[in-house]
1. Over the alpha carbons of the stretch 1-97, what is the largest minus smallest coordinate on each principal axis, giving the biggest first in Å?
2. Rounded to the nearest 0.05, what FRET efficiency do residue 168 and residue 23 give with R0 = 45 Å and r taken as the Cβ-Cβ distance? Could you check?
3. Hey, can you grab everything whose amide H is under 5 Å from the amide H of residue 214? Only 5+ residues off in sequence or another chain; H modelled, so Pro and N-termini drop out.
Amino acid sequence: MSQITLGKTGDIMMCALTILVVMQAVSAQIHSLSALFVYDVYQTYVNPFRVELGVYKEPQIADYLYYNRRAVFVRHAVTVFFSIITFPAALIYMSVHLYVGYEVILLAIFALSTVLPVCLTVTWHRTTPLGLISGSVVGLVAGVAAWLIFTAELPGGLTDFVMNSTHTLVWLTFIVTCLGAGGIICVLVSLFSGGLNPAMYAEEEWAKCLQLDNPAKSWILQYAAETASYLGVPSYQQVRFTVS
């Protein structure tokens, strides 16, 4: 339509739009990866900042501000690193002449089984870490097994792998098996690994939540008006009793 209505100008506009969309998508993925690395790996396991909860003193606040600036620098460095490695990754994709559909399929194979377990961690309070991991792994294995078995049963079998493995029914079978197995296993394992008694992990999870406190704007100062009945940092039972 752009070529018919605008001629060469339409072609140029569509080309620019395509480049913009691709760059924006890649940029979003790179920033997501850098954020995951910094917040979930670097600040959690590599170099965590831990101080005693409560009213923070000036040295602790200064240390935290320095730590936060360093974390921002690490995130910028990681972002640049991921940006640089996209170029050799693109060259590898071009050199192996990978079927375009497989670029999406490979991503779905490794990510699809985690969809329902991750959603359950947000929406269902009985989800346990073991249930999340088990659902993701078992869902992946079950989905890939169903995908390969169905592919082998088609004419040509695994010999004509690209054609058969991308067949609509084969791919639909993989999606249903991967999603279903991941969700079902996550629910069952969660129920049998402490999900029936979520209060057992309540204090531990509350302690993890408090560790996210920002010394520059501490928990007590931020919610002082709403928590006048608390002396210091409240326990999970105090908060639960107050809310209920």
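1. 68, 34, 16
2. In this case the efficiency is close to 0.90.
3. Here 219 satisfy the definition.
A short reminder: the numbers here are calculations on the coordinates, not readings from a lab. Predicted model only: the values in this text are computed from it and were never measured. No Cβ is skipped: glycine too gets one built from the backbone with ideal geometry, and neighbour counts run over all protein chains shown.
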